[in-house]
1. Scan region 167-187 for residues that are surrounded by fewer than 16 Cβ atoms within 10 Å (Cβ to Cβ) and without any contact (Cβ under 8 Å) to a residue 24 or more places away in the chain and jot them down.
2. Determine which member of the set Val190, Val164 is under 13 Å from Tyr229 (Cα atoms), more than 16 Å from the ligand (Cβ to nearest atom) and surrounded by 15 or more Cβ atoms within 10 Å (Cβ to Cβ).
3. For region 84-106, which residues satisfy the criterion of being open to solvent by less than 80 Å² (accessible area, probe 1.4 Å) and without any contact (Cβ under 8 Å) to a residue 60 or more places away in the chain?
4. Is one or more of the residues making up region 45-54 away from the ligand (no atom under 16 Å from the Cβ), out of contact with any Phe, Trp or Tyr (no Cβ under 8 Å at 6 or more places or on another chain), of a type in the set (Lys, Arg) and assigned to a helix (DSSP H, G or I)?
5. Can you pull out the strands (runs of 3 or more DSSP E) entirely within region 147-207 that have at least 2 residues that are in contact with a strand residue (DSSP E or B) (Cβ under 8 Å, 6 or more places away or on another chain) and β-branched (Val, Ile, Thr)?
6. Give Ala152, Ala231 a once-over and let me know the one that is surrounded by fewer than 19 Cβ atoms within 10 Å (Cβ to Cβ) and either more than 13 Å from the ligand (Cβ to nearest atom) or at pLDDT below 95 (or both).
7. Have a look at Asp181, Asp186, Asp195 and point out the one that is more than 12 Å from the chain's Cα centre (by Cα), over 13 Å from Ile239 (Cβ atoms), acidic (Asp, Glu) and modelled with pLDDT of 95 or more.
8. Read through the list (1) under 18 Å from the mean Cα position of the chain (by Cα); (2) open to solvent by less than 20 Å² (accessible area, probe 1.4 Å), then give the number of the only condition that Glu118 fails.
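The values are calculated or read from the model by the stated rules, or taken from the named source; none is laboratory data. Keep in mind that what you see is a predicted model, and the values were worked out from it rather than measured. Quick reminder, even Gly has a Cβ in these numbers, built from the backbone with ideal geometry, and neighbours come from all protein chains shown. We work out accessible area using only protein heavy atoms, side chains counted, and drop any ligands, DNA or RNA first. Shrake-Rupley method; radii C 1.70, N 1.55, O 1.52, S 1.80 Å.
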Amino acid sequence: MIHLSRRHVLTGLATVVAAHHLPSVAFAQAAGPFKLPPLPYAPNTLEPHIDARTMEIHHDRHHAAYVNNMNGFAKDHPTLGQRPIVEILAKLSDVPDAVRTGVRNNLGGHANHSMFWEIMGPGGGKPEGELAAAVTRDLGGMEKFQNDFNGAGGRVFGSGWVFVTVTPEGRLAIEAKPNQDTPLMDGKRVLMGNDVWEHAYYLNYQNRRADYLKACWNVVNWRKVGERYAAAKAGKLTI
Ligand SMILES: [Fe+2]
């Protein structure tokens with residue numbers, strides 16, 4: 001056990017050291033119709049719950065890679081860059097065979113991460129108004145909602161996401177998806193979600209996904225989630 005633990009620590013250190021020597025943006029964005037949205041806050045804003053280095057790597061490398069891959073696909077299939085993202089994801093069967101899996105993974109990843117940065121922030125507060133009423137009505141109140149959401153995120157085997165979906169009538173439901181799949185692929189809309197890929201938490205939490213899921217509630221931007229709820233009811237919510 002001691003040997004395994006030591007190896008584990010060394011592997012972790014190597015990862016941190018290697019990451020430290022990389023520039024903050026791993027590669028320039030490929031030209032094309034898909035753009036990496038800037039983080040709407042400084043990378044250290046979510047500390048101590050999500051550390052700055054995790055945020056930098058997650059946004060500047062992982063999300064950037066999905067965007068760059070999409071721009072690569074768009075070179076050969078320019079219509080990908082001309083249609084709304086939600087329309088492409090809702091009808092992946094229209095995407096050419098050669099790039100369908102790539103679009104599923106990378107455009108799904110682009111949409112998921114764009115939503116994810118937006119619904120986080122310095123945190124505090126709680127759902128208000130119609131959103132608070134919907135949480136009580138559809139999800140059994142905040143305590144049950146958070147427990148059920150954390151449970152669904154914890155049960156994702158391997159990599160994936162846990163979401164709250166919202167209907168045009170404002171109904172809420174918890175739904176988990178594997179990989180970079182999203183309820184957008186079923187024509188639904190996403191109110192909020194959490195990334196349970198290891199890249200989202202491994203530097204700080206290692207294998208303790210449950211602790212990460214619990215801590216993330218401290219950095220939910222409820223004002224933004226409330227805006228997304230209103231947009232969903234107005235038929236204006238996209239990704
Ligand atoms: Fe991620």
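1. If the condition is that a residue be surrounded by fewer than 16 Cβ atoms within 10 Å (Cβ to Cβ) and without any contact (Cβ under 8 Å) to a residue 24 or more places away in the chain, then Pro178 is the only one that fits.
2. Step by step, each of Val190, Val164 is checked, and only Val164 is under 13 Å from Tyr229 (Cα atoms), more than 16 Å from the ligand (Cβ to nearest atom) and surrounded by 15 or more Cβ atoms within 10 Å (Cβ to Cβ).
3. Answer for region 84-106, where residues must be open to solvent by less than 80 Å² (accessible area, probe 1.4 Å) and without any contact (Cβ under 8 Å) to a residue 60 or more places away in the chain: Ile88, Val95, Pro96, Val99, Arg100, Gly102, Val103.
4. The answer is no, given that none of the residues of region 45-54 is away from the ligand (no atom under 16 Å from the Cβ), out of contact with any Phe, Trp or Tyr (no Cβ under 8 Å at 6 or more places or on another chain), of a type in the set (Lys, Arg) and assigned to a helix (DSSP H, G or I).
5. Qualifying strands (runs of 3 or more DSSP E): 160-166.
6. One residue alone meets the criteria, Ala231.
7. Asp186
8. (2)
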